[in-house]
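Notes for the one structure printed next.
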Amino acid sequence: MLLLAVGDRLNRVALLGSTGSVGTQTLDVARHLCEQIEVVALAGGNNAELLSRQLAEFRPRLYHTLAPDVVAPDDAVLSSLEQIACDESVDTVVVATSGRAGLLPALAALRHGKRVALASKEVLVMAGELIMEAARSAGALLLPVDSEHSAIWQCLQGERDGVSRLLLTASGGPFRDCGAEELQRVTAAEALSHPVWSMGSKISIDSATLMNKGLEVLEAHWLFGVPQDRIEVLIHPECIVHSMVEFVDGAVKAQMGPPDMSLPIQYALTYPDRVPSASEHLTWGALCHLTFAPADCERFPCLMLARQAGVAGGTYPAALCGADEAAVSLFLRGAIKFTDIARLVEWTLSARRPGQGAAIEDVTATYDWAHRYVMERHAQLCPACQTQTRQV
Ligand SMILES: NC(=O)c1ccc[n+]([C@@H]2O[C@H](COP(=O)([O-])OP(=O)(O)OC[C@H]3O[C@@H](n4cnc5c(N)ncnc54)[C@H](OP(=O)(O)O)[C@@H]3O)[C@@H](O)[C@H]2O)c1
């Protein structure tokens, strides 16, 4: 008999970001586990058509949208993300929105003692201390959904202490082997075609710049309480080892599996139980070799910028996220070069005055400031951008 994830009844799930890449994969898991999971709230952004279809299929009690033309069942109640996150009918809030949209709902959900299955990287990167404190004081469970953090979490189960290092693996993205010159000329279309994972556009570009891995270092620091200088990044193009933990006696535990987000999503929803998944299992005979190499921060400076923002602390990580969000959107619309993303983030971090507070209002204000700073000043900061960019 399968054990149910929340006591002896269905796990009632609110899904924020249901129309995105993680969101749609979460609904695949919910379809597969329909006897264990009940979707009680769905929240999307601007994709009215997809959200309307999801609402018709899952018939949740609550929904949220930014689009004016969503078709919802008569008995579904339009609510804010934070109302959904705190609603008494919700056991688990899956936070899979992009940008900073998930920050306040995640905080609210934790403060209300909900289980939070966290995909959105920005939440912990921007406000790690506040988020961890909220979870601690309410006794709420924060469950990682990202494959790397899920892997580390799985490796740490049954271990009390003795962690020496966390080894975060990275595919290296589509430009893993490109020279510095070549990186100046890559297009958004090339950057969006990730060799292994199929993901939303922002995270795909972040994977190509290695900003994604930088954000994951900061997330891992908050989730597992390991100092940044004991979190190493390894390029592992096969994407089979999702991350590893090295212990003080030299033993290393790795979590392996096919590169399929539905596995970590499912585990966060059924924890502490493991149940059969719809995912293909690894074919051991086909695993010829697994390779690992150090990350190159010279060609991919975003990794170093994220680490520096993490060490600086305070609102620097929020500035990093806001600047990166804006720079990636400029790159996606062909307004700047790939290599300008790091340049704009670096300039924004240098323009940020130190010594400012780290209350949640400071965090969101800093994110918005950094986003505006890049949008308003990118032409001044990298004047050659417009002329040299190849269009998508
Ligand atoms: N994709 C992956 O494999 C993966 C893996 C690990 C972690 N993550 C992280 O998970 C998060 C989501 O990634 P993704 O790839 O799924 O992104 P995505 O495909 O771009 O989806 C983002 C989702 O957030 C919604 N959204 C954005 N702004 C919103 C707002 N203000 N209010 C309500 N909804 C809003 C979008 O709605 P509309 O589309 O309707 O506008 C969409 O449903 C990111 O932080 C990413 O770094 C992703």
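Using a Gaussian network for the chain with springs between C-alpha atoms less than 10 Å apart, which of these wobbles most: C297, C321, C239?
For the chain, modelled as a Gaussian network with Cα springs under 10 Å, the answer is C297.
Which residue, G162, G172, G139, has the most motion in a Gaussian network model of the chain that connects Cα atoms within less than 10 Å?
The residue that fluctuates most here is G162.
Under the Karplus relation 6.51 cos²θ - 1.76 cosθ + 1.60, θ = phi - 60°, what is the ordered set of whole-Hz ³J(HN,Hα) values for region 242-256, x standing for Gly and Pro?
Per residue, the Karplus-derived 3J(HN,Hα) values read 8, 3, 9, 10, 9, 9, 4, 7, x, 5, 10, 10, 10, 10, 10 Hz.
What is the count of Lys pairs in the chain whose alpha carbons sit under 27 Å apart, if the two are 8 or more places apart or on different chains?
Final tally of qualifying lysine pairs is 8.
Which value in Å is the Kirkwood Rh of region 164-277 over different Cα pairs?
Result for region 164-277 stands at 15.6 Å.
Summing +1 for each Lys or Arg and -1 for each Asp or Glu, what net charge is found among the other residues whose Cβ lies under 9 Å from the Cβ of R61?
-1
Net charge near K202: determine it from the other residues with C-beta under 15 Å of the C-beta of K202, scoring Lys and Arg +1 and Asp and Glu -1. The partial results should precede the final answer.
Details: positive: R100, K121, K213, R333; negative: E122, D146, D206, E216, D324, E325.
For residues surrounding K202, the net value is -2.
Tell me, what is the per residue accessible area of region 56-153 in Å², probe radius 1.4 Å?
For region 56-153, the solvent-accessible area averages 39 Å² per residue.
Mind pulling up the Rg/Rh value for region 133-193? Radius of gyration and Kirkwood radius, both on Cα.
1.19
Expressed as cubic angstrom per residue, what is the convex hull volume of the alpha carbon set of the chain? Could the numbers behind the result be given before it?
Numbers: hull volume 57.6 nm³, N = 392.
Taking the convex hull of the Cα positions in the chain, it is 147 Å³ per residue.
Between the DSSP loop rule and a limit of at most 16 other Cβ atoms within 10 Å, which GluC sites (Glu not before Pro) in region 16-70 are left?
Sparse-neighbourhood loop GluC sites (Glu not before Pro): E35.
Would you kindly calculate the mean projected area, averaged across all directions, of the convex hull enclosing the Cα atoms of region 74-201, in square nanometres? If you can, show how the numbers build up before the last one.
On the way: hull surface 46.4 nm².
The number I arrive at for region 74-201 is 11.6 nm².
Among A138, A41, A286, determine the one that fluctuates most according to a GNM of the chain built with springs between C-alpha atoms less than 10 Å apart.
Ranking A138, A41, A286 by mean-square fluctuation puts A286 first.
Write out the GluC sites (Glu not before Pro) in region 136-203 meeting two conditions: DSSP loop, and at most 13 other Cβ atoms within 10 Å of their Cβ.
Loop-located and lightly packed - E159.
Compare D368, D273 by solvent-accessible area with a 1.4 Å probe and give them largest first, with all protein chains kept in place.
D368, D273
In region 101-182, what trypsin sites (Lys or Arg not before Pro) fall in a loop by DSSP, with at most 11 other Cβ atoms inside 10 Å?
R160
Measure out, as a whole number of angstrom, how far apart the alpha-carbon centroids of region 163-182 and region 98-149 sit.
The distance from the Cα centre of region 163-182 to that of region 98-149 comes to 26 Å.
Which value in deg cm²/dmol, rounded to the nearest 500, describes the helix-derived mean residue ellipticity at 222 nm for the chain, given -39,500 (n - 2.57) per DSSP H run of n ≥ 4 and division by the residue count?
Using -39500 (n - 2.57) per qualifying helix, the result is -13500 deg cm²/dmol.
Quick check: net charge around V77, other residues with Cβ under 11 Å of its Cβ, Lys/Arg +1 and Asp/Glu -1?
Here the count lands on -2.
Can you pull the semi-axes for region 11-145, root of five times each eigenvalue of the Cα gyration tensor, sorted largest first, whole Å?
Over the Cα atoms of region 11-145, the ellipsoid semi-axes are 23, 15, 13 Å.
Of all the accessible heavy-atom surface of the chain, with the other protein chains kept in place and a 1.4 Å probe, what percent is carbon and sulfur?
Details: 8750 of 16820 Å².
The C+S portion of the solvent-accessible surface of the chain is 52 percent.
Calculated FRET efficiency, Q228 and S198, Cβ-Cβ r, R0 30 Å, to nearest 0.05?
Efficiency for this residue pair is about 0.55.
At 0.36 nm per residue, and after removing the present C-alpha to C-alpha distance, how many nm does the segment from D74 to F247 gain when stretched out fully?
That works out to 56.8 nm of additional length.
Taking every DSSP beta bridge with both residues inside the chain, roughly what % is antiparallel (nearest 5)?
30 percent
With 5 Å bins from zero, work out the P(r) of region 193-248 over every alpha carbon pair and list the percent per bin.
Pair shares across the bins are 4, 16, 25, 25, 17, 10, 2, 1.
Over all distinct alpha-carbon pairs, what is the Kirkwood Rh of region 11-77 in angstrom?
11.6 Å
The values are calculated or read from the model by the stated rules, or taken from the named source; none is laboratory data. What you are looking at is a predicted structure, and each value in this text was computed from that prediction instead of being measured. Reconstructed Cβ throughout: ideal geometry from the backbone, glycine too, with neighbour counts over all protein chains shown. Areas reflect the complete protein model, heavy atoms only, side chains present, ligands, DNA and RNA absent. Shrake-Rupley method; radii C 1.70, N 1.55, O 1.52, S 1.80 Å.
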